[in-house]
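Asks: Below is a structure I'd like to ask you about.
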Amino acid sequence: MFVNDADAVLFYSRSWIYFKIGEISIKDVPKTRNRDQQYVFVTNEPPNLTLLDLKLVPFGFFNLTMTYRLDSDIPYVYDRFEKITFDTPSSQRYDWSEVEEAVSQKTKSILQLTTNCRTLSRREAYVEKLKQFISVTQKGRCFQHLCSVWEEEQEIVPIVLKDSIYRTIAPPNSYIAADNFSSPEQLAKYLKHLEEDHNEYIKYFEWRRTYKRVKRQPIVCDLCKFLHQKKKFQKIYENIYEWWIENATCHDDYGIIINSKNSTHQRIQQPTANADPRINSRYLQKTYGAVDNILFHL
């Protein structure tokens, strides 16, 4: 059987969508496996969108994990950002004159692109409140306003919900965190201030002088490399439900919690050194399924 001959077998949680009606079932998994074979838990979605009922997975079933979490054995990431070195060719560096030109030509305030209309973080509640104080352009499936063409490179500033998640992994001063403000109204005032003060706004793009974007190779290449490097490596996840679901750092209803909080805005100076120099945008986008980027300042 082909599965028995494989060095690794990938179980992608989203492919188990018909699990309950029997089209795909735990019963279909081979009863035996060779001792060197690796069973890999794979998903690029947050815990709340994991369709496989992990409570039914036997203890010690999985050997490896491949998710957007950086503590996965094989991080399932998009592109990443790395610090520029002396040897970095100019072709891999951002052209600062182009950045400045793009920023100077902006005509709108805020853009929201989304396909998940109801989130556990309730970011939509925060955005609805924010819209009372500043113009927000909304596109995507949730708003029946799809973009036919989207250029990959955009000079925009992500507006995120929770600062503590991004502080040690994002380039310094590359985003704006909503929970650093006492209310959506205060955030709106700050964004309007940036629109009027070009020198302050351009500071959110300064990181492009010192970082480069590195496109990722196909995720299966990362897996293949890992397997070759760890041929004699044997790891077991005793309880995948505990690792993926119970240990997730999701913060439900955070968009409602920070809608009105008793604090004053203080811009936090982000560290110049990152815990992991390979900052990956997949992690920044998902962050354990808790708080996606909610908006982009244009």
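The values are calculated or read from the model by the stated rules, or taken from the named source; none is laboratory data. Model, not experiment: these values are computed from the prediction. Here the Cβ is made from the backbone with ideal geometry for all residues, glycine too, and neighbour counts use every protein chain on show.
Asks: Give region 72-100 a look and list any residue that's farther than 30 Å from ASP179 by Cα and either of a type in the set (Asp, Glu) or touching a strand residue (DSSP E or B) at 6+ places or on another chain (Cβ under 8 Å) (or both), or say none.
Replies: ASP73, ILE74, ILE84, ASP87, THR88, GLN92, ARG93, ASP95, GLU98
Asks: In region 32-64, which residues are touching a residue at least 60 places away in the same chain (Cβ under 8 Å), under 16 Å from VAL220 (Cα atoms) and outside any loop (DSSP other than H, G, I, E, B)?
Replies: Hits for region 32-64 are GLN38, VAL40, PHE41, LEU64.
Asks: For LEU187, which of the numbered conditions (1) touching a Leu at 6+ places or on another chain (Cβ under 7 Å); (2) part of a loop (DSSP other than H, G, I, E, B) fails to hold?
Replies: Failed condition: (2).
Asks: I'm told CYS142 meets every condition in (1) at pLDDT 80 or above; (2) surrounded by fewer than 18 Cβ atoms within 10 Å (Cβ to Cβ); (3) assigned to a helix (DSSP H, G or I) except one. Can you identify the failing condition by its number?
Replies: Exception for CYS142: condition (1).
Asks: Are any residues in region 152-178 at pLDDT 85 or above and touching a strand residue (DSSP E or B) at 6+ places or on another chain (Cβ under 9 Å), and if so, which ones?
Replies: VAL157, PRO158, ILE159, VAL160, ASP163, PRO171, SER174, TYR175, ILE176, ALA177, ALA178
Asks: Among the residues of region 214-244, what is the count of those that are buried (at least 16 other Cβ atoms within 10 Å of the Cβ) and not acidic (Asp, Glu)?
Replies: Here the count works out to 11.
Asks: Moving to a separate point now. Do we have PRO89 as within 21 Å of ARG213 (Cα to Cα) and either of a type in the set (Phe, Trp, Tyr) or buried (at least 19 other Cβ atoms within 10 Å of the Cβ) (or both) here?
Replies: Answer is no for this residue.
Asks: In region 71-113, which residue that is among the β-branched types (Val, Ile, Thr) and under 23 Å from the mean Cα position of the chain (by Cα) is nearest to PHE11 (Cα to Cα)? I'd like the intermediate steps shown before the answer.
Replies: If we filter region 71-113 for residues that are among the β-branched types (Val, Ile, Thr), which is where we start, we get 74, 77, 84-85, 88, 99, 103, 107, 110.
Within this subset, residues satisfying the condition of being under 23 Å from the mean Cα position of the chain (by Cα) are 74, 77, 84, 110.
Values: ILE74: 14, VAL77: 17, ILE84: 37, ILE110: 38 Å.
Out of the qualifying residues, it is ILE74.
Asks: Just name the residue that is farthest from the chain's Cα centre (by Cα) out of those in region 114-133 that are assigned to a loop (DSSP other than H, G, I, E, B) and without any contact (Cβ under 8 Å) to a residue 24 or more places away in the chain. Spell out how you get there, then give the answer.
Replies: Looking only at region 114-133, we keep the residues that are assigned to a loop (DSSP other than H, G, I, E, B), and these are 114-122, 131-133.
Then keep just the ones that are without any contact (Cβ under 8 Å) to a residue 24 or more places away in the chain; that gives 118, 131.
Working: ARG118: 17, LYS131: 24 Å.
Among them, the one singled out is LYS131.
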